[in-house]
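Comments concern the structure below.
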Amino acid sequence: MGPSPSACRPFEPTQLTLRDGRRVNVRAIRPDDKSGLRAAFQSLSADARYARFMAPKLDLSAQLLDVATHPDAEHDCALVAVQEPEGTIVGGARYAGEPGGERCEFAVTLVDAWQGLGLARRLMELLIERARSRGLKTMVGYVLSSNTSMRGLARRLGFRDAPCPDEPGVRMVTLDLQPG
């Protein structure tokens, strides 16, 4: 029996070399990544957890892990960055598309020791490329106003940055995936 279907399939695993020379493999998330995802989450600082979930979070529930490792292949894309040869998950990026819609919402998270090396940018570029290839028109992210590194990355990738109308302290970054 082959691997179970997942969003981003067929997504050809990609090896990336980061600014400091470390290498990671980027691949679609799999159902058997639950323990690796939990370990990556547990290694995040409290600030990194808060930046990702916009709330204090001590652990990932079994339900959240299940949803994270079983994305909807029709609408979602979920990637993990894996340090080899250890097989340790050091980051992830995903988008969730609206059923029948033309828009998706992204999120990206990196283990603290892997931040500032260009990995978030490369993961975002892969997500953007995938969303465009699926014909999505808009990518949106909700970012804490204080998360200047993510807001700066989004700006460099061409996202517009505006206040979130419903959430003080949150910015909405938006990218037109099908310009012109």
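Only the coordinates and a few stated rules stand behind these numbers; no lab work does. On a predicted model such as this, the values are computed, not experimentally measured, just so you know. When we count neighbours, we look across all protein chains shown, and the Cβ atoms used for this are built from the backbone with ideal geometry, even at glycine.
General remarks:
- Search result, residues across region 20-51 that are in a helix (DSSP H, G or I) and surrounded by 15 or more Cβ atoms within 10 Å (Cβ to Cβ): D33, K34, G36, L37, R38, A40, F41, A48, R49, Y50, A51
- Candidates in region 147-180 are the residues that are among the polar types (S, T, N, Q) and touching a residue at least 24 places away in the same chain (Cβ under 8 Å); of these, the one that is surrounded by the most Cβ atoms within 10 Å (Cβ to Cβ) is N147.
- A residue that is β-branched (V, I, T) and more than 26 Å from L144 (Cα to Cα) cannot be found anywhere in region 58-73.
- Looking only at region 74-110, and only at residues there that are of a type in the set (D, E, K, R) and free of Cβ contacts under 8 Å to residues at least 24 places away in the same chain, the one that is surrounded by the fewest Cβ atoms within 10 Å (Cβ to Cβ): E86
- Per this entry, D72 is not counted among residues that are closer than 20 Å to G36 by Cβ and charged (D, E, K, R).
- Which numbered condition A113 fails, given (1) surrounded by fewer than 19 Cβ atoms within 10 Å (Cβ to Cβ); (2) in a helix (DSSP H, G or I); (3) under 15 Å from the mean Cα position of the chain (by Cα); (4) among the small types (G, A, S): (3)
- Scanning region 74-110 for residues that are outside any strand (DSSP E or B) and either within 19 Å of Q42 (Cα to Cα) or basic (K, R) (or both) yields E86, G87.
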